[in-house]
Amino acid sequence: MLTTEHHDEAATPTGARPVVVPAAGGDRADGPGRPRVVLGVGGGIAAYKACELLRRFTESGHDVTVVPTASALQFVGAPTWAALSGRPVADDVWTGVHEVPHVRIGQQADLVVVAPCTADLLAKAAHGLADDLLTNTLLTARCPVVLAPAMHTEMWEHPATRANVETLRSRGVVVVEPASGRLTGADTGKGRLPDPAELFEVASDVLLRGPVAPDLAGRRLVVSAGGTREPLDPVRFLGNRSSGRQGYALARAAVARGAAVTLVAANVDLPDPAGADVVRVSTTAELHDAVVAAAATADAVVMAAAPADFRPVAVSGAKIKKAADGSAPSIELEQNPDILHAISHDRARPGSVVVGFAAETGDETGSVLDLARAKLARKGCDLLVVNDVSGGAVFGSPDNEAVVLGADGGVREVPRGTKGALAHVIWDEVARRFAP
Ligand code: CTP
């Protein structure tokens, strides 16, 4: 297909998805259904990025209490947090003592997120130290906790920090992998706070599902996402509008379940999923090469990308000009490789699981499911995730619904829900097919 939009997703002005269901709750002074989030902010330069995360939470209907440490307030002041959250800032245990804030804030939270989380905060959380309001809150919270560390690479790699992260993860705390790139000052390396938009997605998934078990630990998984572009000349290309959101949700869900994830992204304008290894490509040929290379050591490959099926036979080195006589140029096309077919029929790793996607409308030759079953057999994959796109369903929708067909005859209907929810169902089906 040349112009198909795979599994696109609508968004609020900040891209923040409105929250539907809180994981836990209680009596609310401000009405039911508004998830209560505690945003802890540690003393790191990345504190400014937490402002954007806060805005995403509030704009999508969360009730956020910001708990900055004393060091965090050196970077971003209390008025900023108060204005963005619409609430007083909770920054010390001695204000409003009669309301016992060091216990109440943690007890009443549906989710605690600490971003940025310093090496010092990780150490205190791992060892149960509680010498300020945020560390007290971490000890009293019984809801899911997400920590997003940001620090210099040396601090992240120090054995003390590694041990603290392991301890926290073994207790069910979600510790997000830092991103790599420019750090404070001139140096680069692992330790950056992931993009706030990505942190928001991770936190929303945890709020919806709670922390997930690491049942894919030890697995190497490959996901393709986005839409390929075939150049016509230096400024034009044939492409499609695939956003890459479903593929990114798959990568995020797999990382959360402990897998080593390679995400092959074709022209996707989204922040990298934290903890995934992202390979960027543009054309179908590049996507083919990157997926085949990654599949060589993978336990499973999910082709969520929308590759262009055809490419121009010749790519003009110079910009194609309008003809003086008003005639339009003809573009001769040739077929691109079918990546899903290739990796399904020539499995580099015996026993690996291959998953395809299909957006179908049904026609005079058959229903959506008839066509999908024929495609599943033709492609040779183990699972096919089928979207019924009759009447433009899925496109531009914040949600997705699908039927997952198995080569073994299995049929699993996935009701309308988030792309993260569909991603988890797909990994459930993949995990069931792994040899014990
Ligand atoms: N796909 C692929 N390589 C291609 C085209 C598609 O790997 N050159 C994969 C897609 O990533 C998707 C699946 O094949 O997982 C089905 O894509 P679809 O476009 O529905 O398949 P086509 O073979 O192009 O079928 P159709 O002729 O119905 O468009």
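Data for the structure
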item: Radius of gyration and maximum dimension Dmax of the stretch 230-367, Cα, Å; result: 17.8, 61
item: Nearest-0.05 FRET efficiency for E413 and T95, computed from C-beta distance (R0 60 Å); result: 0.70
item: Separation between Cα centres of the stretch 69-119 and the stretch 405-432, rounded to whole Å; result: 39
item: 20 Å cut-off, amide nitrogen to a point 7 angstrom out along K319 Cα→Cβ, residues in the stretch 232-266; result: 232-239
item: Rounded to 10°, Cα long-axis angle of helix 419-433 versus longest principal axis of the chain; result: 70
item: Loop-exposed chymotrypsin sites (Phe, Trp or Tyr not before Pro) per DSSP, neighbour cap 16 Cβ within 10 angstrom, longest uninterrupted part of the chain; result: 95-433
item: Inter-label distance, nm, simple model (7 Å from Cα along the C-beta direction), A163/Q107; result: 3.4
item: Longest DSSP-loop-exposure-free segment, trypsin sites (Lys or Arg not before Pro), the chain, at most 12 other Cβ within 10 Å; result: 172-318
item: Two-decimal Rg to Rh for the stretch 43-189 - Kirkwood Rh, Cα set; result: 0.95
item: Under 23 Å, Cα to Cα: Lys pairs in the chain, sequence gap 8 or more or different chains; result: 4
item: Spacing of the two label points (7 Å from each Cα toward its C-beta) at Q335 and V235, in nm; result: 3.4
item: Angle in degrees between helix 284-295 and the longest Cα principal axis of the chain, rounded to the nearest 10; result: 60
item: Cα-Cα pairs of the chain separated by more than 29 Å (percent); result: 50
item: Percent RCO, i.e. relative contact order, over the chain, from Cα pairs under 8 Å lying at least 6 residues apart; result: 14
item: Angle in degrees between helix 159-170 and the longest Cα principal axis of the chain, rounded to the nearest 10; result: 80
item: Rounded if a/c under 1.5, otherwise prolate or oblate - the stretch 338-433, Cα gyration tensor axes; result: oblate
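Each reported figure results from applying straightforward, stated rules to the coordinates on display, with no laboratory input. In this text the structure is predicted, and so the values were computed from the model without any measurement. Glycine also receives a Cβ, built like all others from the backbone with ideal geometry; neighbour counts cover every protein chain displayed.
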